[in-house]
1. Tell me what the protein assembly as shown gives for mean residue ellipticity at 222 nm when only DSSP H runs of n ≥ 4 count, each as -39,500 (n - 2.57), the sum divided by the residue total, rounded to 500 deg cm²/dmol.
2. Pick from B:14, B:285, B:300: which residue has the top mean-square fluctuation in a GNM of chain B where Cα pairs under 10 Å get a spring?
3. If a/c stays under 1.5 just call it rounded; otherwise compare a/b with b/c (prolate if a/b is bigger, oblate if not). Do that for the stretch B:1-128, with a ≥ b ≥ c from the square roots of the Cα gyration tensor eigenvalues.
4. Cβ neighbours within 10 Å, averaged per peptide: list B:268-275, A:29-36, B:43-50 in order, most packed at the top.
5. Is the C-alpha gyration tensor of the stretch A:14-69 telling us rounded, prolate or oblate? Criteria: a/c under 1.5 is rounded; beyond that, a/b larger than b/c is prolate, otherwise oblate.
6. Relative to the longest principal Cα axis of chain B, at what angle does helix B:78-103 sit, 0 to 90 degrees, rounded to 10?
7. Once you have the Cα-Cα distance between residue B:328 and residue B:279, take 0.36 nm times their residue separation minus that, and quote the gain in nm to one decimal.
8. Would you mind computing, in nm to one decimal, how far apart the modelled labels at residue A:54 and residue B:197 are, each placed 7 Å from Cα along Cα→Cβ?
């Protein structure tokens, strides 16, 4: 019987000061081997200084079909942006 | 088929209407150069076409390691060996980026591997030609990777997000492949008469198969129109082929080598090279699996997959045991 290796999502921190960013996935039996595989597949040219792997099955994603309901309310709250407020021209540094 | 879930005619119509609306929205997004992401709704035909295209591309990268692996232990210097090893490792990486992109469409890695081994999935015909001399390592990098770059650059803007992102990474790495190949050819072409003959012989054998990499002529490429509309193909086969010829001929001249096409001639009016007829019979024969080393290639893949099954099983067994101990 053929063993199926679980899927892991891979995140790379390009350099300190930046956050980890999703780059793709690898198959591996466990977390340590997933890190090894991620190193070989996604950082052959100094693309990173740190790796995260996590089981793909552990990710819960929002439903694109509900994107409007989830994100639309932000559109009618323009008062959250600084440009909503009118400040006279002669007032500086604000 | 009976519509068990849809009892009434009204329901059928309602579902059809929702589907049509989704479809229209999808087409509009793609037409506006928006990206489609894995969980977005997409027509089944789009999903299937992409799975076929991406997995075949992935298979090509993986099978593409074999002709070059053939020369790894016989590289003429440590420098060349290190370069070739890095290139082959890149090809493997490219295959893995692409498999990972295809998996987001709902097909498993095992299904794709199985389709390749059973001969249901194709890969680029170019890899069914043998690599007879060291000069083939130069010619492959220069011509085959050169042709691949022209095919792949437009795909960085393809409509499916994970595919486009994989292509961005791949294109960044391909440029090294082409330049190391050209450098290898330069060295041979400026070497002893025997080395120059070897370089010319490699160009003679790889030129036509490289031109075929762009696929059949436009008037004989049935799925092109739909793929163009879906932005999973962005330029026509013949346009890319012409572009390849126009950039490659001066490169061959710089090497002092001759393109093996007596009909090749600069056409002032078109601002492009005219070229001789391509032997499409040979192309279709290779597509059908009649390439000189097609059987060896698939056998090598199956042997690797089956011969290493115990490693995957052992790794899984070890992980299961670790998990059990952690739980206890």
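Just so you know, all these numbers are worked out from the coordinates, no wet-lab data involved. Quantities reported herein were computed from a predicted structural model and do not represent experimental measurements. FYI the Cβ positions are ideal-geometry reconstructions off the backbone, even for glycines, and counts take in every protein chain you see.
1. On the way: 16 runs with 226 residues, N = 422.
Rounded to the nearest 500, the figure is -17500 deg cm²/dmol.
2. B:14
3. Note, shape of the stretch B:1-128 comes out prolate.
4. Values: B:268-275: 11.6, A:29-36: 18.0, B:43-50: 15.1.
The peptides rank, most packed first, as A:29-36, B:43-50, B:268-275.
5. Values: a/c = 2.78, a/b = 1.52, b/c = 1.84.
It is oblate, given that a/c is not under 1.5 and a/b is not larger than b/c.
6. Relative to chain B, helix B:78-103 is tipped by roughly 20 degrees.
7. Working: separation 49, 0.36 × 49 = 17.64 nm, distance 6.63 nm.
Length gained between residue B:328 and residue B:279: 11.0 nm.
8. Going by the 7 Å Cα→Cβ label model, 6.3 nm.
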